[in-house]
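Novice: Have a look at this one.
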Amino acid sequence: TAARPLAGRRVLVTSGPTHEPIDPVRYLANRSSGRQGHAIAAAAAEAGATVTLVSGPVAIPDPAGVRVVRVETAREMLVAVEAALPVDIAVFAAAVADWRPEVEAGSKKIKKDGTGPAPLPLVENPDILSTVSHLEAGRPPLVVGFAAETDTVLDHARAKIARKGCDLIVANDVSAAGGVMGGTDNTVHLIHRDGAMETWPRLGKDEVARRLVVHLAGMLTR
Ligand code: C5P
């Protein structure tokens, strides 16, 4: 029905940052609040879907009617995502840390030893969106990525679709002027695999989520 366009569908959403431990008390992270991803999970549940939300560490409440799996690191997020498949729609809204400290955090805090800061070599984290997009068996019919850009948003989004193999990119401008990061509003551009693009007006993240759910339900039945 119009009110529950995702009835009978399974939806997976990732949300929030990841924390990549340096030692027991320190980590690498980013400024994601989880607001947009959590709003999408809530909107999908309201639209009738069975929703799994895989969330990094956030300070906002769990959305109603959603199964929440909490993780810390990118590698834990990938494991939780794979365990949540199969789904009809996968939305990767998490701001996954691109890199993690190469040396696995031990149980001891790294101490100042008077010789200056220790080097902190990093290694690349798995790309969860790309991994799921390129699955040979069990790829969700609809895979959605996000692009948080501070400049040339659209060029980057088009390149990202090709590289990551997803069906749709939701691009938002997170330059300081926009106030999107951590804020309640979002201005998004939807870029499809075939190049089709639409831009939505500045909206609350809840409204972006509701519209996105309707849009995705339409893509699934086309
Ligand atoms: O490459 P970039 O981080 O800009 O891509 C953003 C998109 O890729 C988002 O949808 C994000 O959730 C996803 N991503 C991911 N795993 C990573 C890095 C990004 O799923 N390691």
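The values are calculated or read from the model by the stated rules, or taken from the named source; none is laboratory data. Note that the coordinates shown come from a computational prediction; the quantities given were computed from them, not determined experimentally. Neighbour counts are summed over all protein chains in view; Cβ atoms, including those assigned to glycine, are modelled from backbone coordinates with ideal geometry. Side chains included, ligands, DNA and RNA excluded: accessible areas come from the protein's heavy atoms. Shrake-Rupley method; radii C 1.70, N 1.55, O 1.52, S 1.80 Å.
Novice: Using the charge dipole of the stretch 64-222 (Lys, Arg: +1 at Cβ; Asp, Glu: -1 at Cβ; taken about the Cα centre), state which of V79, P126, C166 has its Cα farthest towards the positive end.
Specialist: So the residue we want is V79.
Novice: Provide the FRET efficiency to the nearest 0.05 for the A196-R163 pair, computing r from the beta carbons and using R0 = 25 Å.
Specialist: Numbers: r = 18 Å, r/R0 = 0.73.
According to the calculation, E is roughly 0.85.
Novice: Let me ask something additional. Going toward the positive end of the dipole of the chain, with +1 on Lys and Arg Cβ and -1 on Asp and Glu Cβ, which of L53, H156, I191 do you reach last?
Specialist: L53
Novice: Tell me, in nm to one decimal, what length is gained between A59 and A118 on full extension, where the rule is 0.36 nm per residue of separation less the Cα-Cα distance? Don't skip to the answer; put the middle values down first.
Specialist: Working: separation 59, 0.36 × 59 = 21.24 nm, distance 3.08 nm.
Contour length minus the Cα-Cα distance gives 18.2 nm.
Novice: Cα axis of helix 153-164 to longest principal axis of the chain: angle in degrees, 0 to 90, nearest 10?
Specialist: 80
Novice: Using a 10 Å cut-off on Cβ atoms, rank the peptides 209-217, 54-62, 8-16, 126-134 from the highest mean neighbour count down. Display every interim value, and only then the final one.
Specialist: Values: 209-217: 20.9, 54-62: 17.7, 8-16: 25.2, 126-134: 19.2.
Going from most to least packed, we get 8-16, 209-217, 126-134, 54-62.
Novice: Just from its helices, what would the mean residue ellipticity at 222 nm be for the chain, if runs of 4 or more DSSP H residues each count -39500 (n - 2.57) and the sum is divided by every residue, rounded to the nearest 500 deg cm²/dmol? Mind showing how you got there, number by number?
Specialist: On the way: 5 runs with 58 residues, N = 222.
My calculation for the chain gives -8000 deg cm²/dmol from helical runs alone.
Novice: Between Rg and the Kirkwood Rh of the chain, both from Cα atoms, what is the Rg to Rh ratio?
Specialist: 0.99
Novice: Excluding ligands, DNA and RNA, what is the solvent-accessible area per residue of the chain at a probe of 1.4 Å, expressed in Å²? Provide the component values of the computation, followed by the final result.
Specialist: Working: 11300 Å² over 222 residues.
Averaged over the residues of the chain, the accessible area is 51 Å².
Novice: Under 17 Å from a point placed 7 Å out from the Cα of T187 along the Cα-to-Cβ direction: which residues of the stretch 119-163 have their backbone N that close?
Specialist: So the set is 147-157.
Novice: What ranking, highest mean first, results for peptides 24-33, 158-167 when packing means the other Cβ atoms within 10 Å averaged over each residue?
Specialist: On the way: 24-33: 15.6, 158-167: 17.7.
Packing order, densest peptide first, comes out as 158-167, 24-33.
Novice: Taking the 0 to 90 degree range and rounding to the nearest ten, how far is the long axis of helix 74-84 tilted relative to the main principal axis of the chain, both from C-alpha atoms?
Specialist: The two axes meet at around 30 degrees.
Novice: Provide the per-residue ³J(HN,Hα) series for the stretch 8-17, in order, calculated from phi with Karplus coefficients 6.51, -1.76, 1.60 and θ = phi - 60°, each as a whole number of Hz, with x at glycine and proline positions.
Specialist: x, 9, 10, 10, 10, 10, 9, 8, x, x
Novice: Report, by chain and number, residues whose modeled amide H sits under 5 Å from the one on G34, excluding near sequence neighbours (fewer than 5 apart, same chain).
Specialist: Result for G34 returns G16.
Novice: List the aspartates and glutamates whose Cα sits under 19 Å from the Cα of K160, skipping any in the same chain fewer than 8 residues away.
Specialist: Cα-Cα hits under 19 Å: D98, E124, D127, E149, D151, D173, D194, E198.
Novice: Restricting to the chain, what percent of DSSP beta bridges are antiparallel, rounded to 5? All intermediate terms of the calculation are to be shown ahead of the outcome.
Specialist: Details: 16 of 41 bridges.
Once the DSSP bridges in the chain are tallied, antiparallel ones form about 40 percent.
Novice: A further question on this structure: Excluding I89 itself, calculate the net charge of residues whose Cβ lies under 9 Å from the Cβ of I89, where each Lys or Arg counts +1 and each Asp or Glu counts -1. Let's see the in-between values first.
Specialist: Values: positive: R9, R10; negative: D88.
That sum, taken over residues with Cβ under 9 Å, equals +1.
Novice: Non-local amide H neighbours of A49 (under 5 Å, H modeled in plane, Pro and chain starts lacking H): which ones?
Specialist: HN-HN under 5 Å from A49: L6.
Novice: Follow-up question, since we're still on this one. Return one number: the angle in degrees, 0 to 90 and rounded to the nearest 10, between the long axis of the Cα atoms of helix 35-46 and the longest principal axis of the Cα atoms of the chain.
Specialist: Approximately 40 degrees, to the nearest ten.
Novice: Considering only DSSP beta bridges with both partners in the stretch 104-222, what is the antiparallel share in %, to the nearest 5?
Specialist: Values: 10 of 16 bridges.
The answer is about 60 percent antiparallel.
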